[in-house]
Structures are given as structure tokens and as C-alpha cells.
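Right, one structure below, let's go through it.
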Amino acid sequence: MIQYIVHRLLLALPTLLGITVISFLIMHLAPGDPVDLYLGGAAEGEGIDADGRTGLEQTRQELRRQLGLDQALHIQYLNWLSRLLLRVERLDSYESAAAQVDAVMDKLSPAQRRELEQMPVADRKDAFADILHRLDPQLARRIQASVFWTGRTLDTAGNYRYAGAGLQLYHTADWRLVTLNFGRSFKDQQPVIGHILERLPITLQINLISLVVAYIIGIPVGIVAATRQDTLVDRSLTTGTFMLWSMPSFWVGMLFIIFLCNREFLHWFPAAGIQSLGASEDWGYWQLLRDRAHHMVLPVVTSSYSSFAAISRYMRTSMLENLRLDYVRTAYAKGLPGRVVVLRHVLRNSLIPIVTLMGWLLPGMIAGSVFVETIFTIPGMGFLAFQSVIVRDYPMAMAIFTIGAVLSLAGILVADILLKAVDPRIEFSRIQG
């Protein structure tokens, strides 16, 4: 199995690369210019004379240069990809001096550091300069000549702080290794990875809960429909699941807001957000949990209803196929009760196609998060993706597309691995060969 997983991970790399290329081209070839976000109302040039238009065009070109949009598309993509994977960056003079100060501070004894901490900043700098000159006069002169030394702060630890847009893996006094550098958002110039780490848990929470709910409801409904084939129960469940399967999530979400979040009808649930405006840590864990669950009901139902409808249909079909096989007749001939035959023998064999559904259910839910989170104003990755596409925030949109693709490929791989748990007869070595 380990060899199969490694094989699938290697195959996922070119797939992910292709997804990023297509996403990059679609974003950059779509109508609209992100520079207009900076220019605001002046972007159209209305009410501006000829000289003003010339200055406006110069400003536009300068902004494009600063954002790196003046380069060819393939150069822009290669720069984005290199920052995402791994990049060696040189520290500027300020960062280098701060890192060297931290290195010297680490060599001091705890007593020396405590003594420095108790001093005022000016005295601390003088005392530390004396220590530096005793340890390494050349290094002391270099640090005292730096921009860092002219500042007003000197701490006994943490003078060097990475302020880039990625994740720092390692650093010395001269260079650092940075990965997952998605750049800075065109909208607020904040690191994209910070926005992602803030929004991703909310989207994963909604999607994973929705996936579990879909399986918990869909599998029993499929079993009931299969064991009562051609009865009124079967036809009612079939009609209901087909209706749910055919209704778009954005339409259902709007109906929920109109009829279940409106004081003119039934004001049972909140219409937006994931917690109440007055929520605070003073509420306690259980009150916060109830409040979060109350806000999550409609988004989870909207995200999962079509999935459990699909699961129930596939489960019914798979159950009917297995109920006609010889081993089921043999089990009945041995005198086993119908409940034992269905739940112990037929159910497990029928789960094989249901497990494979996870390969497209999870990517579908992640894509559907754009609609669900936008409708219910949930601060997740879906809502962030919608906002990023509207304002042409290329770094943010590319980060969301890439992470969504990674989660989708991971869901497909997990579904393949779960097949082994459901059916031990599956040999991954044969599949790979």
C-alpha cells in the first residue's frame, strides 16, 4: 500500500501543476485589470483633462510594474511557482544585524540575559555593545553601523522577525529558506497565507461535517429503499432524493434565508455568519458550541442535501445488485435472519462504490463552498474566493485554487485507501501494475 500511495502522490504532482497553469491563465486572460482596484474611481479617466490622463496612464504602468504584471505571462507564472515551492532569500542589512544580535544573545548565560532585561534600552545597548566588543570586535562594528542599531529597541530575544509573505523554514545571518509564498493580496497588501490560514479551518469544518452528515443520512436511506423495493416507501424516497438531487444549492440556500431566517415567516436560524455578534469567551465552551452549531445548521444542510441524495441512490443500486447474488441466497438458506444478511453481508459489499463517491463528493463540496459561504456570508475560503475573483486579486485567487486542488486530490487518495478497509480483497500492487 505504501508503494501505491507514493505512486499516486507522484502522479498528483503533474496534475496539480496542470491545474495551477490553467487557473493562472484563466485569471490573467479574464476581462478586468487589478490595477483599477488601486485607482478606484479615477480608473476610467472620466472628467480628467489630457495631462491628467497622461499622468493616470503613467501611474497605471508604474503600478503594473510594482505588481509584476508588466512581465510576460510565462515569467509571471514561473516567478509565482518558484516562490510557492522553495526560495532562498537574502536578508537585508537590518534583518542580518537583528539575526546576528539574536545569535549572540543565545550564547549569553541566563544571568547575563536577565541582567540585560532589567536595564533601560539605552543602557542595555551600551552593555551589549561592550559584550560584543569582547567577543568579536569586527562583528560589533558591523552591527553598530547597521540600520538596526540606530533603532530604539534591543531585546534579549526575537530581534529578528520574518515579515515576508510565506512560511520561513530556516534562516542564518545572511539568508533564509521560504516556502508557500503565495505573495501579498492586491486588496490589502497582507500576506495571502495569513488570510488562508484564517479562513481554511472554517471551510474544512463545514465540508467535513457536511460529508459526515451526507453519509449518515444517505446510507440508511439507500438501505431502506433497496430492502423495500417497488413499495410506497421506495417510490417516495426515490422521488424525494431525485428532487433534492436536482435542486441547485444557491437556490435552496436563498429559500432557507427567506423562509427560515425571516421574521415574516419563521425566524428559526441566523441568516449570516458563524457566530453571534455578542459572542465572547465569557460565554463558556458549551454556550459557544451551541451558538456555533445554531449558525452552522443551514450552511451544512445546504452543502450536504444533494450529496446524501446521490449517496442514497448509489447505495440503493449497489444493494439491489448484491441482494441478487448467490451468497445472499445461501445466507437465507442457512436460516440467517434478514437483518443479519443485510447488515452483516450485503451492506459491506455494497459500500465499495459508496466509498469511491468520496473522490468527487469532497471536491464538489469544496467548489460548492463558494455558493454556500457567499449566500450565508461565512468568512471561509469560498467567500474569499468570490471576493478575490470580483476584484481580480490574482495572488489570493491562485492560492485558493491551488489549496482547493490539493484538498480535492487528497480526498480522492483517501477514498482509494478506504477501499482497502471496506474490501480486503483489493490489492494495490495489481492496480498499480
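Where a number appears in this text, it was derived from the coordinates with a stated rule and is not lab data. What you see is a predicted model; the values in this text were computed from it and never measured. FYI the Cβ positions are ideal-geometry reconstructions off the backbone, even for glycines, and counts take in every protein chain you see.
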* To do: Calculate, in whole percent, how much of the Cα-Cα pair population of the chain lies beyond 30 Å.
  => 63 percent
* Of all alpha-carbon pairs in region 122-202, indicate the percentage at a distance above 21 angstrom. => 50 percent
* To do: Please give the FRET efficiency for residue 170 paired with residue 64, using the beta carbon to beta carbon distance and R0 = 30 Å, rounded to the nearest 0.05.
  => 0.35
* Asked: Of 384, 408, 349, whose Cα points farthest to the positive end of the dipole of the chain (charges on the beta-carbon: +1 Lys, Arg; -1 Asp, Glu; origin at the Cα centre)?
  -> 349
* Peptides 221-228, 26-33: what's the order by average Cβ count within 10 Å, highest mean first? -> 221-228, 26-33
* Once you have the Cα-Cα distance between residue 209 and residue 283, take 0.36 nm times their residue separation minus that, and quote the gain in nm to one decimal. => 24.3 nm
* Amide H neighbours of residue 160 under 5 Å, counting only residues 5+ apart in sequence or on other chains, H built in-plane at 1.01 Å? -> 102
* Structure fact -> Protection proxy (average C-beta count within 10 Å per residue), highest first, orders 337-347, 395-405 as 395-405, 337-347
* To do: Please go through region 97-202 and write out the chymotrypsin sites (Phe, Trp or Tyr not before Pro) that DSSP classes as loop and that have at most 15 other C-beta atoms within 10 Å.
  => 162
* Asked: residue 9 to residue 329: extension gain in nm, 0.36 nm per residue of separation minus the Cα-Cα distance?
  -> 111.0 nm
* Please give, to one decimal in nm, the separation of the simple spin-label points placed at residue 390 and residue 229, each 7 Å out from Cα toward the Cβ. => 5.1 nm
* Out of region 102-178, which trypsin sites (Lys or Arg not before Pro) are coil in DSSP terms and have no more than 15 other C-beta atoms within 10 Å? -> 152, 161
* FRET efficiency for residue 155 and residue 410, using Cβ-Cβ distance with R0 set to 25 Å, rounded to 0.05 -> 0.05
* Asked: Can you run phi through the Karplus equation (6.51, -1.76, 1.60; θ = phi - 60°) for region 113-123 and list ³J(HN,Hα) in whole Hz, with x for Gly and Pro?
  -> 5, 5, 5, 5, 4, 7, 7, x, 4, 4, 5
* 10 Å Cβ shell holding at most 16 others, DSSP loop, GluC sites (Glu not before Pro): longest site-free stretch of the chain -> 47-263
* Estimated FRET transfer efficiency (residue 79, residue 112; beta-carbon r; R0 41 Å; 0.05) -> 0.35
* Of the listed peptides 237-250, 374-387, what is their order by residue-averaged count of other C-beta atoms within 10 Å, with the highest listed first? -> 374-387, 237-250
* **Centroid-to-centroid separation of region 172-227 and region 320-343 [C-alpha atoms, Å]** => 41 Å
* Structure fact -> Extension length gain for residue 131 and residue 17 (0.36 nm per residue less Cα distance), in nm, is 35.9 nm
* Asked: Which chymotrypsin sites (Phe, Trp or Tyr not before Pro) from region 252-283 combine a DSSP loop assignment with at most 16 other Cβ atoms within 10 Å?
  -> 265, 268
